[in-house]
1. Only counting other Cβ atoms within 10 Å, I'd like ARG166, ARG241 sorted with the fewest neighbours first.
2. If you stretched the chain out fully between ALA149 and ALA71, how much longer would it get, using 0.36 nm times the residue separation minus the C-alpha to C-alpha distance?
3. What is the gain in length, in nm to one decimal, between ASP208 and MET52 on full extension, counting 0.36 nm per residue of separation less the C-alpha to C-alpha distance?
4. Could you sort the peptides 103-109, 169-175 by per-residue average Cβ neighbour count (10 Å cutoff), highest mean leading?
5. Just to verify a number: FRET efficiency for LEU102 and ARG229, C-beta to C-beta distance, R0 = 22 Å, to 0.05?
6. Counting other beta carbons within 10 Å of each Cβ, put PHE164, PHE55, PHE239 in order, fewest first.
Amino acid sequence: MAAPVFSLPEGRSGADVRSPKTAELLTRRLRRMIVTGELRDGDYLPREAELMAHFGVSRPTLREAVRVLEAESLVEVRRGSRTGARIRVPGPEMVARPAGLLLAVAGTTLGEVLVARLGIEPLAAWLVADRGSDDAIAALVAALDDLTANLAQDDSGGAVGAGFARFHEVVVEQSGNRALVVTAGMIQEILARHMATATRSHFESEPDEVQLQYRRAVRAYEKLISLVRAGEADEAERFWRRHLISANESLLRGFDAAGVIDILE
């Protein structure tokens, strides 16, 4: 039996199937060079004349490609500078705020964000302890040292809230899993702001209780570091989950878990 022959729809042409513009091709080429590391963070693109000669394109084509990359935050162009366009390798923060805004538009609640954190950070704690690298331990210790320094100096709770948020960031960063880091970034964008607000609010209304929570959190962080040092991955995951459940309850005290998140302030 002969294979059926595909019939072209009537009244339509193939005009919408077009070859990519030269600027699109150049954008793809430069983007791939950034992704593969041929162009590294901080590198400056050669001058326009060199790029035009190298790629065989016109000045308008080159500038259109650079504008697209600039809009994607892959290059930084300083107008009037003689140094040209500089490569910027994006970090998790590049997607964190837009993703956070998307969550807010979707009506995501604070409670949902805190539950989502339970699905990310315990796994990250397991990975950190399983790796047990000296660099990871040093990063966790440094984050805890910064936090305790803020505890000793700050009475308002603002810097302290940021310090607590930073320790949680480091746990995920040191997991070595890039997908977790990016996913956690959007959640942390929201929680860092809430932690600062909640810490300040609780400090003003119940300072003694807040000081107790501070001490418990610091002990939990010390315990996690000890589990990482010992390579106790399973226990690190279980312990961090228990700590987060307790921390979530504290963060929600005085706040509406069903309230839609707000990242616009």
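Rule-based calculations on the coordinates, nothing more; no lab input. Since this is a predicted model, take the numbers as computed values, not measurements. Because the Cβ atoms are built from the backbone with ideal geometry, glycine has one as well, and the counts that use them run over all protein chains shown.
1. Details: ARG166 20, ARG241 17.
Least crowded to most crowded, the residues run ARG241, ARG166.
2. Numbers: separation 78, 0.36 × 78 = 28.08 nm, distance 3.90 nm.
Here the segment from ALA149 to ALA71 would lengthen by 24.2 nm.
3. On the way: separation 156, 0.36 × 156 = 56.16 nm, distance 6.61 nm.
Stretched out fully, the ASP208 to MET52 stretch lengthens by 49.6 nm.
4. Details: 103-109: 13.7, 169-175: 23.3.
Packing order, densest peptide first, comes out as 169-175, 103-109.
5. Working: r = 38 Å, r/R0 = 1.73.
Step by step, r from the Cβ atoms, then E = 0.05.
6. Values: PHE164 27, PHE55 16, PHE239 19.
Final ranking by Cβ density, sparse to dense: PHE55, PHE239, PHE164.
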